[in-house]
Amino acid sequence: MVMITRMPRREARFLAVTQKRRRTTNPTAPKADEFCIALDFLCACGTNGAMERVRIKVHGRVQGVFFRAHTQEKASSLGLTGWVRNTEDGGVEAMAEGDKKSLEALVSWCHSGPAAAKVNSVDVEWAKATGKYRTFSVTY
């Protein structure tokens, strides 16, 4: 298996196209899923290739209104990875990684949330991405 930890966007795109061509001309070539790390990196990076991480804590009436499900849907549509969960104090907490513009869009969305939610406050903490997550999921 090929492991790629950091790769510029254009190189990841080239790698994906090259791998697709190899697979169609040579059935014994490595499977495309061996390059999933490069493709995940491509999907999560912005135009400059920089990934960031944000931890979001949402306070208010945000449990029992499908806040987690809507957050997962929104984050996935923005190409982000990470998780979202309920907290014991009645709030919702999310950890997301991806490009800054998409993360800012998620933070902005969290200030209102789904229609049934009533958001009182949102705490945001920025950090460097770790690349630990592959998808965006609801955790318990």
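Derivation of every value follows stated rules applied to the coordinates shown; laboratory data play no part. The structure displayed is predicted, hence computed values, not measured ones. Positions of Cβ are backbone-derived with ideal geometry, glycine not excepted, and every protein chain shown enters the neighbour counts.
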Tell me, what ³J(HN,Hα) does each residue in region 83-99 have, in order and in whole Hz, if you take phi through Karplus 6.51 cos²θ - 1.76 cosθ + 1.60 with θ = phi - 60° and put x for Gly and Pro? 8, 9, 8, 6, 10, 5, 7, x, x, 10, 10, 9, 10, 9, 10, x, 7
Plugging the Cβ-Cβ distance of residue 85 and residue 50 into 1/(1 + (r/R0)^6) at R0 = 35 Å yields, to the nearest 0.05, a FRET efficiency of 0.85
Around residue 67: net Lys/Arg minus Asp/Glu count, Cβ-Cβ under 13 Å: +4
Of 80, 103, how do they rank once you tally other Cβ atoms within 10 Å and put the fewest first? 103, 80
Could I have the simple spin-label model distance between residue 109 and residue 125, label points 7 Å from Cα toward Cβ, reported in nm to one decimal? 2.3 nm
Long-range amide H partners of residue 129 with built H, under 5 Å: 52, 53
